[in-house]
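Report on the following structure.
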Amino acid sequence: MNAILKTEKLRVEFKNRETRQAAKVALLGLDLQVNGGEVFGFLGPNGAGKTTTINVLLGFVQPTSGTASLFGINVGQPIARQRIGYLPEMTYYYKFLTAEELLRFYSKIFGLPGPEAERRIDGVLKLVELESSRKRLIKTYSKGMQQRVGLAQALINNPDLLILDEPTSGLDPLGRMKVREIIQRLKTEGKTVFFSSHELGEVETICDRVAIIHQGELKAVGPVNEIMGRRASLEKAFLDIVGYQPQPTP
């Protein structure tokens, strides 16, 4: 298989220089491989190491040991960032801009010529269903619309790999459905999508494979149906794998 994203024995430690406390281990020897054209769900409780992993892949955090690569190139080396789209969990855009103004700004960052930029702006706004709102100020958008304009900026460069950090966080059921539909369309186009999420029902619906990490350690990886086994849902499998014990009812 063609590995688009890969980590090997990836370890990340954060030291508190002020208190001189022992290092906090955020990732403990993480081995992952995401193949071209698949939708890969990255799951874990809060603080499990999901965002740290994404930050390593994007070059924001340096690993303590081990390696991470995108398109076969170590993330510590220059990588064609034009091939990557990224949507952070907490998005902030200049809300005095309209959607099309924001996308023109990102088009310039990627060096897209004018006619090509306009063509792509039209395409991504249609994909995220914001054509009719393209001239409205982003500050007037709902949370779901702001998340979709975030997806549009992540797609403006037509990336081969899309990295999404909690893309449906804080959205209502309709907003989550729209984001899920967008990811499914990207899958049909052959895009590779790597995303972290707490919405396990949606992960179960759209992912080819998933990985579950807990306290920085990989606990399970494989196709959704294999992870579930005979359990009724991915949520039940997730809780079992991370060792959740329900509290007895008083």
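The values are calculated or read from the model by the stated rules, or taken from the named source; none is laboratory data. Quick caveat: nothing in here was measured; it's all calculated off a predicted structure. All Cβ positions, even for glycine, are placed from backbone atoms using ideal geometry, and neighbour counts span all protein chains on display. Just so you know, the surface numbers come from the protein's heavy atoms only, side chains and all, with ligands and any DNA or RNA stripped out. Shrake-Rupley method; radii C 1.70, N 1.55, O 1.52, S 1.80 Å.
Observations
- Electrostatic dipole magnitude of the range 1-110 [Cβ: Lys, Arg +1; Asp, Glu -1; Cα centre; debye, to 20]: 300
- Checked against a 20 Å cut-off, the cross-linked pairs Lys95/Lys191; Lys95/Lys143; Lys126/Lys178 give Cα-Cα distances beyond that limit for Lys95/Lys191.
- Basic side chains Lys and Arg get +1 at the Cβ, acidic Asp and Glu get -1 at the Cβ, and with that the dipole of the range 166-241 about its Cα centre reaches some 160 debye.
- Extension gain, Arg81 to Ala3, is 26.4 nm, computed as 0.36 nm per intervening residue step minus the present C-alpha separation.
- P(r) for the range 37-110, from all Cα pairs and a bin width of 5 Å, is 3, 12, 18, 21, 18, 15, 10, 3, 1 %, short bins first.
- Selection from Gly123, Tyr93, Pro78 lying farthest towards where the dipole of the range 44-123 points positive, charges on Cβ: Pro78
- To the nearest 10, the accessible area of Ser65 is 50 Å² with a 1.4 Å probe.
- Lysines with Cα under 21 Å of Lys15, excluding same-chain neighbours fewer than 8 positions away: Lys24, Lys50
- Relative contact order (percent, whole number), the range 103-169, Cα cutoff 8 Å, 6+ residue spacing: 39
- Cβ-placed point charges (K, R +1; D, E -1), dipole of the chain about Cα centre in debye, nearest 20: 500
- The distance between label points at Thr140 and Ala232 comes to 4.6 nm (points 7 Å beyond Cα on the Cα→Cβ vector).
- Inter-site label distance for Asp240 and Lys126 at 7 Å from Cα along Cβ, in nm: 4.5
- Summarising the label geometry, the points placed 7 Å from Cα in the beta-carbon direction at Tyr94 and Phe14 lie 3.0 nm from one another.
- Once Rg and the Kirkwood radius are both taken over the C-alpha atoms of the chain, their ratio Rg/Rh works out to 0.99.
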